[in-house]
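J.: Got a structure here, written out as structure tokens. Questions coming.
The values are calculated or read from the model by the stated rules, or taken from the named source; none is laboratory data. Not measured: the values here are computed from a predicted model. Because the Cβ atoms are built from the backbone with ideal geometry, glycine has one as well, and the counts that use them run over all protein chains shown. Accessible surface is based on the protein model in full, side chains and every heavy atom, while ligands, DNA and RNA are left aside. Shrake-Rupley method; radii C 1.70, N 1.55, O 1.52, S 1.80 Å.
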Amino acid sequence: MASRVHHVEQHKLAVPGIVAMTLASNHHFPRHTHDQFGIGVIAFGAHRSWSGIGHVSADPGDVIMVNPGEMHDGTPLEGAVRGWRMIYLDPACFSRDVSEEYAGPVEIVRPVARDPLLARHFATLFACLTGPKPDRLAEEESLLRTLMCLLRRHGMRRPATDGPCPNVAKAIRRLDSAPESPVSLAELAALSGVTRFQLLRAFARELGITPHAYLVQRRVLLAQRLLARGHPPAQAAILAGFADQSHLTRAFVRQLGVTPGRYRAALA
């Protein structure tokens, strides 16, 4: 069995609403979501992931993209180490920067694309954001050029949708509204007006994961927000509904690939 390799650098940025990361890992990320838009480029190795359009693969030079709340996972091909760089943008930041060109909600339609032009724009943006001497004009210009290229080639206005089926929607609203609070499958099923088995099947069909996996994700995302506000990891763990800091750390690394302490330090 190949030994585990997992190196993550979360870059300190002066631009609010944006996170930049460099990773080299053979870690298998389980199905999860992010609150932000994400765009990155595979540097070496190969990567396979599950997405809303099925399984996709990414090779060196490919651009990888994800919408807020979009379920996905990530697996290295044949267990080999792959490397990539990512930029995550808060939806409010994303919408503000593209509002002059795109009115209303937008979304990325491709999780992976072979697009050398977009990859070059991304490389310039990443260098501007992580360079030793911040240049606000260069950062702003590069960000807008990257987002315009991204949306013109791989974006669309978000279509109207009825969302998940009503039963699942009720359970999701409960988990979203108070992820830190204990909850049982029986409670969620009763709230949704279905049996526990029906709820499990509906969750798997609509989201591709179980209610418990979804709850852990929401707790990790809540912990992210708490850490960004300055809470220490031990306190963030309790406030987000985890049993203790070690429980949070395991879930945090499994989903995001970085420890809560390093995540908080990068935002300081």
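J.: Give me D for the chain in µm² s⁻¹, whole number, from Stokes-Einstein with Rh from the Kirkwood sum over alpha-carbon pairs, 4 °C and 1.567 mPa s.
T.: In µm²/s, the coefficient rounds to 66.
J.: Give me the accessible area per residue for the chain, probe 1.4 Å, as a whole number in Å².
T.: 50 Å²
J.: Over all directions, what mean area does the Cα convex hull of segment 1-102 project, stated in square nanometres?
T.: 7.2 nm²
J.: Ok, one more. Roughly how many debye, to the nearest 20, is the charge dipole of the chain about its Cα centre, given +1 on each Lys and Arg Cβ, -1 on each Asp and Glu Cβ, and no other charges?
T.: 420 debye
J.: A further question follows. What part of the accessible area of segment 120-264, given as a whole %, is carbon or sulfur when the probe is 1.4 angstrom?
T.: Reported share for carbon and sulfur atoms: 55 percent.
J.: Using a cut-off of 13 Å between beta-carbons, work out the net charge of the residues near LEU125 (Lys and Arg +1, Asp and Glu -1, LEU125 not included).
T.: So the surrounding residues net to -2.
J.: For segment 67-82, in order, what is each residue's ³J(HN,Hα) by Karplus, 6.51 cos²θ - 1.76 cosθ + 1.60 with θ = phi - 60°, in whole Hz (x at glycine and Pro)?
T.: 8, x, x, 7, 6, 7, 9, x, 10, x, 5, 6, x, 7, 5, 10
J.: Go ahead and run the numbers for FRET between LEU191 and ARG96, Cβ-Cβ distance against an R0 of 30 Å, rounding to 0.05.
T.: 0.25
J.: Multiplying the sequence separation of VAL15 and LEU137 by 0.36 nm and subtracting their Cα-Cα distance, what value in nm do you get? The partial results should precede the final answer.
T.: On the way: separation 122, 0.36 × 122 = 43.92 nm, distance 1.18 nm.
Separation in residues times 0.36 nm, less the Cα-Cα distance, equals 42.7 nm.
J.: Report, in deg cm²/dmol and to the nearest 500, the calculated mean residue ellipticity at 222 nm for the chain, where each DSSP H run with n ≥ 4 adds -39500 (n - 2.57) and the sum is divided by the residue count.
T.: -14000 deg cm²/dmol
J.: May I ask you to evaluate 6.51 cos²θ - 1.76 cosθ + 1.60, the Karplus curve with θ = phi - 60°, for each residue of segment 233-243 and list the ³J(HN,Hα) values in order in whole Hz, giving x for glycine and proline?
T.: Residue by residue, segment 233-243 yields x, 4, 6, 4, 4, 5, 5, 8, x, 7, 5 Hz.
J.: Name the trypsin sites (Lys or Arg not before Pro) in segment 54-116 that are in a loop by DSSP and that have at most 13 other C-beta atoms within 10 Å, would you?
T.: Details: sites: ARG82, ARG85, ARG96, ARG114; in loops: ARG114.
Hits after loop and neighbour filter: ARG114.
J.: For ALA46, list long-range residues whose amide hydrogen, built 1.01 Å from N in the peptide plane, is under 5 Å from its own amide hydrogen.
T.: Under 5 Å from the amide H of ALA46: LEU77.
J.: From Cα pairs below 8 angstrom and at least 6 apart in sequence, can you work out the relative contact order of segment 41-126, rounded to a whole percent?
T.: Values: 120 pairs, mean separation 32.0, N = 86.
Over segment 41-126, the number comes to 37 percent.
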